[in-house]
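Here the structure comes first, spelled out in structure tokens, and everything after it is commentary.
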Amino acid sequence: MRPIATTRSATGIPTGRLAVWWVIASEIVIFGGLLASYLMHRLGHPEFAGPDFAGATTTWIGATNTFVLLTSSLFAVKAHDAAQKGNGPRAANFLWCTFGGGAMFLCIKAMEWTQEISHGYVITKNAFWSFYYVAAGIHASHVIGGMVIMAILSSDVRNNRELQRVELIGNYWHFVDLIWIFLFPLLYIAK
Amino acid sequence: MSDHGHAHDHKGHGDHGHGDHADHPSYEKTYGILLVLLLVSIAGPEIGIKWVTLVTAFGIAIVKAYLVASRFMHLNIEKRIVSYLLLAAVAFLFLFFAGVSPDVMKHRGNNWENMAAQDEVDRATTEAHNAPAAHH
Amino acid sequence: MYTLIERFLPAASTYAHDIDGVIALVAIIVGFWGVLAEVILIGLVVAFREKPGVKAQYITGEQKSEMKWIAYPHHLVLLCDVLVIVAAVRVWYNVKQDLPPPDTTVRVIAQQWAWTFVHPGADNKLDTADDIAVNDELRLEVNRTYHYKLESRDVLHSFSIPVFRLKQDAIPGRVITGWFEPTKTGTYDIQCTEMCGIGHGLMPARVVIESADGHAAWIRSHRPDASLAAVK
Amino acid sequence: MATPIHEHHGEGDHGAHAHDDHHHDPGFVQKYLWSTDHKMIAMQYLFTGMFMAIIGGYMAYVFRVHLAYPGVHVPGFGQVNPAEYNSLVTNHGTIMIFWVAMPVLIAALGNYLIPLMIGCDDMVFPRLNRLSYQIFLLSAIVLIAGFFVEGGAFGGAWTSYPPLSAKAQYNNTPLGAPIWLVAVALEFIAFLLGGINFVTTAMNSRAPGMKMFDMPIVIWMIVIASILFMASVGPLFAGAIMLFFDQTVGTGFFDPNKGGDPILWQHLFWFFGHPEVYVVLLPALGVVAEVITTFSRKKLFGYRTVLFTSFATGLLSFFVWAHHQFIAGIDPRMANVFTVTTVLISVPIAEMMFVYIATLYGGSIRLTTPMLWALSFLVAFLIGGVTGIFLGASGADIYFHDTYFVLAHFHYTFVPIAILAVFCAVTYWYPKMFGRMMNETLGKIHFWLTFVPFNGIFIPLFILGLGGQHRRIWSYENFPELSRPEYYSLRHFASISLIIMLVSQLIFIFNFFWSLKAGKVAGKNPWRANTLEWTADSPPPHGNWKELPTCYRGPYEYSVPGRESDYWPQDEKS
């Protein structure tokens, strides 16, 4: 029942992958708009380095999360590798590893936020914390989205169906990883 | 996204496929490099020199981003146009920053002053002096 | 010189005529282009109506000889643009960027939905005991250079005096400085031209421009202490 | 996945009912809301857009009558109080741009034309397409819901500048403001999905033999517009989230007292808001290109010129946004930069106008209804374009900013875009959409009764703008300079013209539905046009063609010397 249109590829890029590139391009400007706004405040407000601002974030937690996401990205790309070799079950397993990485990331985030909120660093504390929670929150929502998609794909993939989708979700996942790679220094290191 | 698409995509991959297996840098190696970079970016601030921190934090972030984009997202073997597309999206952000920062980042300019922002800076900095960091 | 805008509103500030001048220049340039384009457009439609047995011509518009019909006007438009830009930026610089030294400085405070105008009073200094704060009425002396310090207490407002051709938004948290020099005595409208809530249409104010003596008399008639309360 | 519905005859019926999509009879939903056929989805967008246009028009009627006859009991509404007035102008703007111009020009035309004009059977992602419409419909419902909540609909202007939009204590619409914001954000998501679908389809799924420069201009324009939208909406989407938190949990992103900055929102908004103008303009220009070439039997004067000028326009449109903020508190030095870029954008636009005019030269022009709409678009848009120079020139803008001159200017661009060009498109593709011709006489009457009153509305408003009448004012009674009798006669003239224009739309609605049944059968290619959609049946079946066409040449090969027929369809071997 799928249209023939979907199978054409005048650009030489498979339709699905091309679409994901466009998704990523539009996500870049969404996150970029937020981060650009944050950067302006960060540079205009030296106090952001202070104790009640970025100073109160916990670098090692952010670092751990970076490590977790990088690892999950490795799993994602291994899944793609397996899918290319036509090995559906192996790809599915790696997808679930990636899923696990995302889950761990979220757990760590949850603990981190609980701790910070209990210290009184709520979203309305000051401009820094507003940006901190909104930026990380939007990113986390993307992590959740990616996990859901992977969970849905995995069953098809395990039965060697729709293997090309492993790369699509992989690219999206790497992008989410990329965003964090920039959020980490912006929110944790720049004190 | 489609049965036909599936078969086709596989042809599409086939072309790259070779690239992937023959001369594509191993994923584990890339991963290793990324972890090392991560450690450096954490160690950077410990030295305590501002510009070193900036380099280790953001310079390395860019290197990491490049590695992930090129080797994990396979932009290195993807059609050039995609890289241009993504870079164009990034370029618009620099444009946005250039157009907006004179008003938002600066607190005074040609015949205007952002009193509220200056007060906020003073208030917070004095507060910081009075009550030194006692968290986590 | 009697300008297009003066058919509707008097020009009561030193730079009103400059702004009217830019408007006139643009009006002449775009008027020429607009009319020309419309005439050619309609003329072509009339001239090339479908006629029996007459086939349309085959013109790709890709040859050099044809491109020139686009290229010539293209360069002319560019030229006109340069004229407009130069004129516009010159006036803009005089009105918004390069402020002449003030004889007097007034503070203009906007809020939902009223204006407070703080006049410096007899000592001609703001924030002194004899400041005169008045709601919805700005008192000026003719032929005197004023700076205004524009503030807002809540949301965005816009301080607009049409007869001065002056308009500037008020931003909460910021102080924006500008200038004007009245050239006509009389009483004119002050409008808020930035959407500021339910009362946006209901915050009119008046600017009263008086002769030197008239203004001095008005200042004398104000007892400082009472007025100071109005600022708080 | 839901199997797309196979409908040969009934496109008309879809049309007839699709505009009350919010029924809940499952069969109906299956048939009209759950289809993945691009033509069906186009109809859904078209009729939702028209339905919203009726709402927006009604609002215009209410506040225009109120402005002309202050304090009068407006028939069909009643007395207009300031809060209601603000809500009406705010939502009139929002609806006409986001829920009329966007869905009809981009979504409806894009969905209908892209697959048919590039010769494939559907969009590349039919289910994504369906989802995009459903999110759009949801956004429309959310927006309208804003009128029925405690405190009424949001009234802080369609630009929604904080702090006014951020704090209930300022805007007095504690629920209306966030609801408005959510509706707009949902609408953005819908068009992001749609846009990705359009661009991917046009890039990847062209018919064999169709090179990039064989695509009809209108497809190019829709693609460029979608890309502009994707590239510009991001920051505003982030901004909408920030503003939403300001409204609901009390963060201070745009609150100066909490270290935020109201100016930031203005930049986020206009960085999107200005490209948005070109997002809707370009498809309209594309439609006009198709129509004037067909009805003057001419090749477009410089296909590449049109493309490159629209690339240039699209790119430049990212460098001009702050001309909306000249006097809104940005640093005056920046204004000079933006004056230069803004005035320079007139170059590619003017060039495009020249190309269209030059296309008419040496043609054999048939003044059918679509052609009348196309020409009227050019006539009106020229006025809208040149009056823009006054506002781009910073020096003149000091006086004109936020006056009715601005208002009349952008209505002289948006009405041609969202009304004239849309009628042009609908009358031109109606035979393809429903298999029957519309009545020409009724069409021409409707045209004149729309175009003349349109000028009757906005020429007086230009004059009022010259007189310094500023926007969004509930009553001029408090402004002696604005309550002169001669100004009131101008307002009367504008408002009466508006009523005439609105009433005469009934002619179109009648013509539309009457022709569904009684119009004469169109056949495949009633206009003798070249582009691929005219080689499919009218209306095209699901899948569009028995076997998909192959393309052999560009879309505008009219009156080619040495051929006795004056057109040369793209799929004709020789």
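Structure notes:
- Ordering D:ILE499, D:ILE118, C:ILE198 from the fewest to the most neighbouring beta carbons within 10 Å gives D:ILE499, C:ILE198, D:ILE118.
- Pairs of lysines in segment D:11-535 whose Cα atoms sit within less than 15 Å of one another amount to 6, provided the residues are eight or more positions apart or on different chains.
- Measuring r between the beta carbons of D:GLU572 and B:LYS79 and using R0 = 51 Å, the FRET efficiency lands at 0.95.
- Tensor-based shape of segment D:11-535 (alpha-carbon gyration tensor, a/c under 1.5 rounded, otherwise prolate or oblate): rounded
- Dipole of segment D:11-535, positive direction: furthest Cα of D:TYR356, D:GLY49, D:PRO480, with charges on the beta-carbon: D:TYR356
- Cβ charges +1 (Lys, Arg) and -1 (Asp, Glu), total dipole of chain C, debye: 620 debye
- Cα centre as origin, Lys/Arg/Asp/Glu Cβ charges: segment A:13-189 dipole, Debye: 460 debye
- Label-to-label distance, nm, for residues given as D:TRP448 and A:THR114 (7 Å Cα→Cβ offset): 7.7 nm
- Contact order relative to length of chain C, as percent, for alpha carbon pairs under 8 angstrom and 6 or more apart: 21 percent
- Rounded to 5, percent antiparallel among DSSP beta bridges of the protein assembly as shown: 70 percent
- Size of electric dipole in chain D: Cβ of Lys, Arg +1 and of Asp, Glu -1, about Cα centre, debye, nearest 20: 960 debye
- Least to most buried among A:GLU167, C:GLU62 (fewest other Cβ within 10 Å first): C:GLU62, A:GLU167
- Charge tally around D:TRP321: other residues with Cβ under 15 Å, Lys/Arg +1 each, Asp/Glu -1 each, net -4.
- All lysines inside 17 Å of B:LYS64 as judged from Cα atoms, apart from same-chain residues fewer than 8 positions distant: B:LYS29
- Cα gyration tensor category, rounded, prolate or oblate, for segment C:36-79 with a/c compared to 1.5: oblate
- Whole-number percent relative contact order across segment D:39-192, with pairs defined as alpha carbons under 8 Å at least 6 apart: 27 percent
- Total formal charge among the other residues, if their Cβ is under 12 angstrom from that of C:ASP123, Lys/Arg +1 and Asp/Glu -1: -2
- With a cut-off of 20 Å on the backbone N, the residues of segment A:72-97 near the modelled label site 7 Å out from A:ARG158 along Cα-Cβ are A:75-97.
- Using the Cβ-Cβ distance between D:TYR69 and C:LYS125 with R0 set to 60 Å, the FRET efficiency works out to roughly 0.75.
- In terms of surrounding Cβ atoms within a 10 Å radius of their Cβ, D:MET40, D:MET230 rank from fewest to most as D:MET230, D:MET40.
- Per residue of peptide D:221-231, the mean number of Cβ atoms on other chains within 10 Å of the residue Cβ is 2.
- Helix content alone sets the calculated 222 nm mean residue ellipticity of the protein assembly as shown: runs of n ≥ 4 DSSP H residues at -39500 (n - 2.57) each, divided across all residues, give -20000 deg cm²/dmol.
- Each Lys or Arg adds one and each Asp or Glu takes one away; over the other residues whose Cβ falls under 11 Å from the Cβ of D:ASN204, this sums to +3.
- Put the Cα centre of segment D:354-404 next to the Cα centre of segment A:108-175 and the gap is 48 Å.
- Global geometry of segment B:27-73, whether rounded, prolate or oblate, following the gyration tensor of its Cα atoms and the 1.5 cut on a/c: oblate
- Modelled label positions at D:ALA518 and D:GLU486, each set 7 Å beyond Cα in the direction of Cβ, lie 4.8 nm from each other.
- Reachable lysines, given that their alpha-carbon falls under 22 Å from the alpha-carbon of C:LYS167 and they are not under 8 places away in the same chain: C:LYS96, C:LYS149, C:LYS184
- Column: log10 I(q)/I(0), Debye, Cα scatterers of segment C:104-231, q = 0.10, 0.14, 0.16, 0.22 Å⁻¹: -0.28, -0.56, -0.74, -1.39
- Annotation for C:TYR72 and C:VAL35: the two label points, set 7 Å from Cα along the Cα-Cβ direction, are 2.0 nm apart.
- A dipole drawn for the protein assembly as shown from +1 and -1 charges on Cβ atoms has a positive end, and of B:ALA88, A:PHE105, D:PHE295 the residue lying farthest that way is D:PHE295.
- With the charge dipole of segment A:1-134 set up from +1 on Lys and Arg Cβ and -1 on Asp and Glu Cβ about the Cα centre, the Cα lying farthest toward the positive end among the listed residues A:LEU39, A:LEU69, A:HIS80 is that of A:HIS80.
- Chain D, relative contact order in percent, only Cα pairs under 8 angstrom and at least six apart counted: 16 percent
- Near the amide H of C:SER158, within less than 5 Å, lie the amide hydrogens of C:ALA170, C:THR193, C:GLU194, all on another chain or at least 5 residues away, with H placed in the peptide plane.
- Inter-chain Cβ neighbour average for residues A:79-92, partner chain, 10 Å: 2
- Cα centroid of segment D:243-297 to Cα centroid of segment D:303-336, whole Å: 13 Å
- Placing R0 at 56 angstrom, the Cβ-Cβ distance between A:ALA49 and C:VAL46 gives a FRET efficiency of 0.20 after rounding to 0.05.
We did not get these values from a lab; they are worked out from the coordinates using the rules stated. Since this is a predicted model, take the numbers as computed values, not measurements. Cβ coordinates were reconstructed from backbone atoms using ideal geometry, including for glycine residues, and neighbour counts include every protein chain displayed.
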